[in-house]
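Comments concern the structure below.
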Amino acid sequence: MSTHQTTTSSLHGMMAEFASAEELLDAARRTRGAGYRNVDAYSPFPVHGMDEALALPKSPVPLFVLIGALAGTALGFGLEYWVSVIEYPIMVGGKPFFSWPAFVPVAYETTILLGGLTAAISMLMINGLPMPYHPVFNVERFSHAMTDRFFLCIEATDPKFNREETKKFLEGLHPYQVSEVEE
Amino acid sequence: MASVAHSAPETHAPDEVVHPLIAPGNSYKSITEKISNVILSGKTPRVWFFWFGIAFLFVNILGLSATVLLLIGTGIWGITIPIGWGFAIINFVWWIGIGHAGTLISAVLLLLNQKWRTSINRFAETMTIFAVMCAGMFPLLHTGRPWLAAYWLMPYPSTMGVWPQFRSPLIWDVFAVSTYLTISAVFWIVGLIPDFAALRERATSRFGKVTYGMLAMGWRGSARHWHHYEIAYLLLAGLSTPLVVSVHSIVSFDFAVSVIPGWHTTIFPPYFVAGAIYAGFAMVLTLGIPMRKVWKLEDFITMRHIDCMAKVMLATGLFVAYGYGMEAFMGYYSANTYEGFMMINRMTGPYWWSYWSLIFFNVLIPQLLWFRSIRANIPALFWISMSINIGMWLERFVIVVTSLHRDFLPSSWGMYYPTVWDWGLFAGTIGFFLFMMLLFIRVAPIISIAEVRGLFAETRHGHGKKHGAEEVAA
């Protein structure tokens, strides 16, 4: 974005562009092997094996969904119990107020409702979306990451990051092009 | 460096052999361009305007029918005692059923790892959402005063201190359908995020860039994002699968929990779910066949997809036929006078024509799908799917009307004659559905770009480069 002189502090990282998913995967493995830790890969679709290549920690989304779904069961069933037994009991044909089999369908639906909403919302929150600005978009060719190109970015926060050496390292991976990512 | 635009596999599969899922000769770039050009090319086929105009006319008929209904009341409909559930419930069940194919394709087939779902799931999910919207209108309008439905249907602390009756299947229905709409929409939106990002980069107008940019929420295809995204998407599929089965089961409880002969039967939940999938696939084909032709999407919705859908229709059609057979058998075998009479009356009573047309449209005609040549014949498939659309509507007509019109007491027998307002509302929702689908095609990708790219990558690299496309088909 800005045209002022870029120093290491104003760099987000160093980015290399590749033409295929295999090349990106290979580059990610080698980057990690070289000791870089703050690395991210960008691709137009999920690349299989990338989670292992970047040693990404296990996603917490399933745990959140489990909690959300169980909360849904409890809330749905609790609501039915409270309405039918405590707040507004109606005697119908001598049936018990707490007729739990009849409460199953609604509790089932609220389980799925809260579980599903948690899946979507927790995914967005963990990913920090919506995000109006991110430095990687400053790389002119990055728009191709949404179509047919694959990018690997070593971030400046990495302890091993050094402008010259990192650039040299990425060039050694035979990318299409290496560019600096301005903050 | 491997070339991105990978060349086409040299050999073409003969017609007898399965077709590829993505036509040969495509690349990541061509996939993205071909799908997003439907929206971004700025060229709208003339036939779009034609159907959009017709659909808009029917949306107005819907508005008129709903307005008159709200001004005067449900007396303008043909419903009466004993047929208190007429078109409103028939259409509600019909529309909900149509929606089910979307969830089945997007969720169940994802869990079953059926790769052919990839290029039709977005389209089918979109259909689900609009079909459920159409379905939802009917019970709400059937209350006559939808603005009061809030406290009849939803549990909220009103000043009147009344609460819904949770032992009633009608309340289960409210929860099932509203959950279904919400989760289908969430699933659909999550799936759209990476595609909006692709459109953001390809849009040329400022308005397009800003709009798709906002909708994409800053998606940048990061590996960390995909990591959480994939698991969330899979979990949504896992949650939608029991949901889709539960929704039509609960819809069938509206009938099965009552004591009316013809409704009070335990076969209803599975038979309704199979019927829903049957109707849904028929609608996917009815709309998908013209769509792939008009927007030249034959590369992604190939003959293999169409063949698979035809087979699903054949299978679910047989479930449904079994259901009809079992209903007739139980009428005899239960030795229950009312059940037996109901079945004889369905076949030979005043509504005999509806029962036998149902058998004709829904059971006999679809048997043509056994033939490979029919499954490869696009016009034949279009008309068979149209026949199933009609057949499934007749099924609900038969269930609702013939069961109610002659119950236990001959003194309370009656007939049902739908009025022009019944037809107006029904035709209006078909117009609304078409209207929304046509609008959607113009603003968002009708095929999931990200997923087709992923499938393409798998076919290219997973099984050797040369015969990639065929490998998927195998």
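The values are calculated or read from the model by the stated rules, or taken from the named source; none is laboratory data. The structure presented is a predicted model; accordingly, all values stated were derived computationally and were not measured. Cβ atoms come from the backbone with ideal geometry, glycine included; neighbour counts cover every protein chain shown.
Taking into account only those residues within the stretch B:117-137 that are of a type in the set (A, V, I, L, M, F, W, C) and either surrounded by fewer than 22 Cβ atoms within 10 Å (Cβ to Cβ) or touching a strand residue (DSSP E or B) at 6+ places or on another chain (Cβ under 9 Å) (or both), which is nearest to B:GLY78 (Cα to Cα)?
B:MET137
Residue-by-condition table, conditions (1) within 14 Å of chain A (Cβ to nearest Cβ); (2) within 26 Å of B:GLU339 (Cα to Cα):
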residue	(1), (2)
B:GLU230	yes, no
B:TYR233	yes, no
B:ALA237	yes, no
B:VAL247	yes, no
B:ASP254	yes, yes
B:HIS264	no, yes
B:ALA282	no, no
B:ILE289	no, no
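Quick grid of which residues meet (1) of a type in the set (Gly, Ala, Ser); (2) outside the structural domain of A:THR147 (by TED's automatic domain parsing); (3) within 25 Å of the chain's Cα centre (by Cα); (4) within 30 Å of A:LEU173 (Cβ to Cβ):
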{"position": "A:GLU17", "(1), (2), (3), (4)": "no, no, yes, yes"}
{"position": "A:ALA28", "(1), (2), (3), (4)": "yes, no, yes, yes"}
{"position": "A:PRO44", "(1), (2), (3), (4)": "no, no, yes, yes"}
{"position": "A:GLU52", "(1), (2), (3), (4)": "no, no, yes, yes"}
{"position": "A:GLY76", "(1), (2), (3), (4)": "yes, yes, no, no"}
{"position": "A:ILE86", "(1), (2), (3), (4)": "no, yes, no, no"}
{"position": "A:PRO96", "(1), (2), (3), (4)": "no, yes, no, no"}
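For the stretch A:102-120, the criterion of a residue being more than 30 Å from B:PRO164 (Cβ to Cβ), at pLDDT 90 or above and out of contact with any helix residue (DSSP H, G or I) (no Cβ under 8 Å at 6 or more places or on another chain) is satisfied by no position.
Going through (1) under 21 Å from B:MET214 (Cβ atoms); (2) touching a Lys or Arg at 6+ places or on another chain (Cβ under 9 Å) one by one, A:LYS160 falls short only on (1). Taken over the stretch B:377-397, the criterion of being surrounded by 23 or more Cβ atoms within 10 Å (Cβ to Cβ) and either more than 15 Å from B:GLY97 (Cα to Cα) or polar (S, T, N, Q) (or both) is satisfied by B:LEU381, B:ILE384, B:SER385.
The residues of the stretch B:43-82 that are more than 25 Å from the chain's Cα centre (by Cα), touching a residue at least 12 places away in the same chain (Cβ under 8 Å) and within 17 Å of B:TRP423 (Cβ to Cβ), listed by number, are B:LEU64, B:VAL68, B:LEU69, B:THR74, B:ILE76, B:TRP77, B:GLY78, B:ILE79, B:THR80. Consider the stretch B:341-369 and keep the residues that are within 23 Å of the chain's Cα centre (by Cα) and aromatic (Phe, Trp, Tyr). The one that is nearest to B:MET392 (Cα to Cα) is B:PHE361. Residues of the stretch B:120-139 include at least one that is in a helix (DSSP H, G or I) and basic (Lys, Arg).
Of the residues making up the stretch A:125-136, those that are more than 7 Å from every other protein chain (Cβ to nearest Cβ) and either without any contact (Cβ under 8 Å) to a residue 40 or more places away in the chain or within 30 Å of A:THR73 (Cα to Cα) (or both) are A:MET125, A:GLY128, A:TYR133.
Considering the stretch B:183-300, the qualifying helices (runs of 4 or more DSSP H), each wholly inside and each with 3 or more residues that are buried (at least 23 other Cβ atoms within 10 Å of the Cβ) and within 15 Å of the chain's Cα centre (by Cα), run over B:223-256, B:268-294. If only residues of the stretch B:156-182 that are part of a helix (DSSP H, G or I) and of a type in the set (Ser, Thr, Tyr) are counted, the one that is nearest to the chain's Cα centre (by Cα) is B:TYR180.
If I filter the stretch B:357-379 for residues that are farther than 24 Å from B:SER252 by Cβ, part of a helix (DSSP H, G or I) and among the aromatic types (Phe, Trp, Tyr), do I get at least one hit? Within the stretch B:357-379, one or more residues are farther than 24 Å from B:SER252 by Cβ, part of a helix (DSSP H, G or I) and among the aromatic types (Phe, Trp, Tyr). Identify all residues within the stretch B:405-432 that are over 27 Å from the mean Cα position of the chain (by Cα) and in contact (Cβ under 8 Å) with a residue 24 or more places away in the chain; write none if there are none. Passing the criteria: B:HIS405, B:ARG406, B:ASP407, B:PHE408, B:SER412, B:TRP413, B:GLY414, B:MET415, B:TYR416, B:TYR417.
From the list A:TYR36, A:TYR42, which residue is facing chain B (nearest Cβ under 7 Å) and either among the hydroxyl-bearing types (Ser, Thr, Tyr) or farther than 30 Å from B:TYR156 by Cα (or both)? Reasoning before the result, please.
Working: A:TYR36 fails: facing chain B (nearest Cβ under 7 Å).
Of A:TYR36, A:TYR42, the one residue that is facing chain B (nearest Cβ under 7 Å) and either among the hydroxyl-bearing types (Ser, Thr, Tyr) or farther than 30 Å from B:TYR156 by Cα (or both) is A:TYR42.
Where residues in the stretch B:409-426 are part of a loop (DSSP other than H, G, I, E, B) and in contact with a Ser or Thr (Cβ under 8 Å, 6 or more places away or on another chain), which of them is surrounded by the fewest Cβ atoms within 10 Å (Cβ to Cβ)?
Residues of the stretch B:409-426 part of a loop (DSSP other than H, G, I, E, B): B:409, B:413-419.
After this cut, where a residue has to be in contact with a Ser or Thr (Cβ under 8 Å, 6 or more places away or on another chain) as well, the list is B:414, B:416.
On the way: B:GLY414: 13, B:TYR416: 23.
If we take residues in the stretch B:409-426 being part of a loop (DSSP other than H, G, I, E, B) and in contact with a Ser or Thr (Cβ under 8 Å, 6 or more places away or on another chain), then B:GLY414 is surrounded by the fewest Cβ atoms within 10 Å (Cβ to Cβ).
Of the residues making up the stretch A:104-119, those that are at the interface with chain B (Cβ under 7 Å from one of its Cβ atoms) and under 18 Å from the mean Cα position of the chain (by Cα) are A:GLY115, A:GLY116, A:LEU117, A:ALA119. Residue count for the stretch A:48-78 satisfying the condition of being within 9 Å of another protein chain (Cβ to nearest Cβ), over 17 Å from A:THR118 (Cβ atoms), without any contact (Cβ under 8 Å) to a residue 12 or more places away in the chain and in a helix (DSSP H, G or I): 1. Against the numbered list (1) among the aromatic types (Phe, Trp, Tyr); (2) within 26 Å of B:ILE260 (Cβ to Cβ); (3) without any contact (Cβ under 8 Å) to a residue 24 or more places away in the chain, B:TRP383 comes up short only at (2). Selection over the stretch B:354-376 of residues that are within 20 Å of B:ILE289 (Cα to Cα), of a type in the set (Phe, Trp, Tyr) and exposed (fewer than 15 other Cβ atoms within 10 Å of the Cβ) gives a count of 2.
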